[in-house]
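The values are calculated or read from the model by the stated rules, or taken from the named source; none is laboratory data. Model, not experiment: these values are computed from the prediction. Neighbour counts are summed over all protein chains in view; Cβ atoms, including those assigned to glycine, are modelled from backbone coordinates with ideal geometry. Please note that ligands, DNA and RNA were not included when accessible areas were found on the heavy atoms of the full protein model with its side chains. Shrake-Rupley method; radii C 1.70, N 1.55, O 1.52, S 1.80 Å.
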Amino acid sequence: MAHLGPGRRRIAVPVGLALTASLAFLPSVAASAAPLGNTADTAVAAKPDTTGPKLSYVANLTTYASVKAAKKAVERAGGTVVTSYEQIGVVVAHSQNPDFAKQLRAQRGLFVSVGATRTAPLQTVATTEEGTTQTLSAADAAKAAAKATDGQEPLEPNQWDLRAIKADQAHKINDGSRNVTVGVIDTGVDDTHPDLAPNFSKGQSANCVGGVADTTDGAWRPYPDGSDHGTHVAGTIAAARNGIGVAGVAPGVQVAAIKVSEPGTSLFFTEAVVCGFMFAAEKGIEVTNNSYYVDPWLYNCKADDDQKALVEALGRATKYAERKGVLSVASAGNSNHDLASNAIVDDTSPDDATPVPRTIDPHVCLDIPTQLPGVVTVSATGDQGLRSYYSSFGLGVVDVAAPGGDKWQVPATPDANGRVLSTLPGGGYGYKQGTSMAGPHVAGVAALLKSAHPKATPSQLQAMLKAQATKVACPEKIYDAAGALVDAATCQSKWGQTGYYGYGVVDALKAVK
């Protein structure tokens, strides 16, 4: 998945605008703000320190706070407002004041939480699928085309993943509706690709890097030296059935690009991702695909003031999007972590500076957006139906599974490649593996469901995904990272679910029936 690495899911956390009842007894904004902004003391107040590194912050307002009052508080503390979302009570700001967050947190009538979205100074963002991209060779393309039958796309014989979820059979009934759009919140999408251009929605696409949506034509495309991740994801969702290349899971729906990864590093910071969810909500997008984790923390611990604020801001954004009719799908991650365990070693955070190894409890230190309420968490499988060796998992955390590829599970296809084949920038095609590749299969099936049930709510779509999934029991063996078959001792079963597959592998055919 794109920093694109790890996972996503369901732990009841107090995010969103549903604040505790105790907030009802907090003083009003007018009362709390007055001493700082409306007295003679202001004139002689010390000028904020601006000698620190320039960082980006999210400030989450209390129930009674106004964005106008919050903006004034930000400026008094030496910050600059980048953007604000009155709908969810979140302000994004920049500041070089080392005590910026501390000073805002002290204003309890205004702010619930305030935190830096990164640990390193602002600069130019990274995705992590499992392994590098393999470009489709001319020889493999020719072998696939020679095996294609009537009704198949030229490269479809290599798409074992479509057949694994019966998407090829579903296409004979319904390709999906053009009234449904899947937003790819990712590294950008090359909308000029011949397999994507027919289904691309420019009016629902933007570049959210920095926290403000830029809808300039082409702003949503990958950086010239950037990642191919988003384009690959988009092809899996909605590559057209047009006699060219591959087919997507839902080749009749539209796909939009919401770029949230920064240039140079491909990291996904909170302000950009919040912008992405809010943009999708306001633009009428029905499904979003989120094959990444929000940097710089692989897991965000609510005991830390900064990380707590990131969880709060993103929780508010995803819940707002859900209320506006958006179903969010997220990848579980490629760390082979048990997200239902009590202890995980996180040795990669923060990833924008020098990581400091720590042991965390994933019940209270969350992988976001994966573990936010309402988000569909997806694990990855290979051609043999086994959990992919890299895929994170967790009983009660993973909702459903889908093909993400596994180099050790080799399919009987012309290319004999166990990874997932999809579109690449510049009109090309290539293979990737990762839970980043599993997520878009689920997003595609969700789009087919929304096409068949246009009035279905996000929660109803999620219920249908789970109910229609093909049940899979815990296997006896799985492949490890070295390709050896080992005991699947970490798979647990309960409540009609398993830790590896959740409610099962999604089924595109049932979605259209």
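Structure values in brief
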read-out: Two-site FRET efficiency, Lys102 against Asn336, from Cβ-Cβ distance with R₀ of 30 Å, rounded to 0.05; value: 0.20
read-out: Cα-centred dipole magnitude for the chain, charges only on beta-carbon of K, R (+1) and D, E (-1), debye, nearest 20; value: 1460
read-out: Extension reserve of the Val364-Arg163 stretch, reckoned as 0.36 nm per residue once the Cα distance is removed; value: 68.6 nm
read-out: Along each principal axis, Cα extent of the chain, largest first, Å; value: 82, 49, 43
read-out: Within segment 444-485, trypsin sites (Lys or Arg not before Pro) in DSSP loop having at most 12 other beta-carbon neighbours inside 10 Å; value: Lys455, Lys471
read-out: Proximal aspartates and glutamates to Lys72, defined as alpha-carbon separation beneath 16 angstrom and excluding residues fewer than eight positions away on the same chain; value: Asp41, Glu86
read-out: Other-chain or far-sequence residues with amide H under 5 Å of Ser113's (modelled H); value: Asn60
read-out: Burial ranking of peptide ranges 331-342, 233-244, 199-210 (average Cβ count within 10 Å, highest at the top); value: 233-244, 331-342, 199-210
read-out: Net charge contributed by nearby residues that have their C-beta within less than 13 Å of Thr270 (K/R +1, D/E -1); value: -3
read-out: Mean Cβ count within 10 Å, highest first, over the residues of peptides 436-444, 417-425; value: 436-444, 417-425
read-out: Per residue, in Å², the accessible surface of the chain once ligands and nucleic acids are set aside, probe 1.4 Å; value: 35
read-out: Over 21 Å between alpha carbons, listed pairs Lys166/Lys494; Lys324/Lys513; Lys54/Lys302; Lys259/Lys283; Lys68/Lys302; Lys166/Lys471; value: Lys166/Lys494; Lys324/Lys513; Lys54/Lys302; Lys68/Lys302
read-out: Hits among lysines - C-alpha to C-alpha of Lys143 under 22 Å, sequence gap 8 or more where chains match; value: Lys407, Lys432
read-out: Added length on full extension, which subtracts the Cα-Cα distance from 0.36 nm per residue, Arg323 to Gln384; value: 18.2 nm
read-out: Label-to-label distance, nm, for residues given as Thr215 and Arg178 (7 Å Cα→Cβ offset); value: 2.0
read-out: Helix-derived mean residue ellipticity, 222 nm - over the chain, DSSP H n ≥ 4, -39500 (n - 2.57), to 500; value: -7000 deg cm²/dmol
read-out: Segment 333-471, accessible surface, carbon-and-sulfur percent (1.4 angstrom probe); value: 56
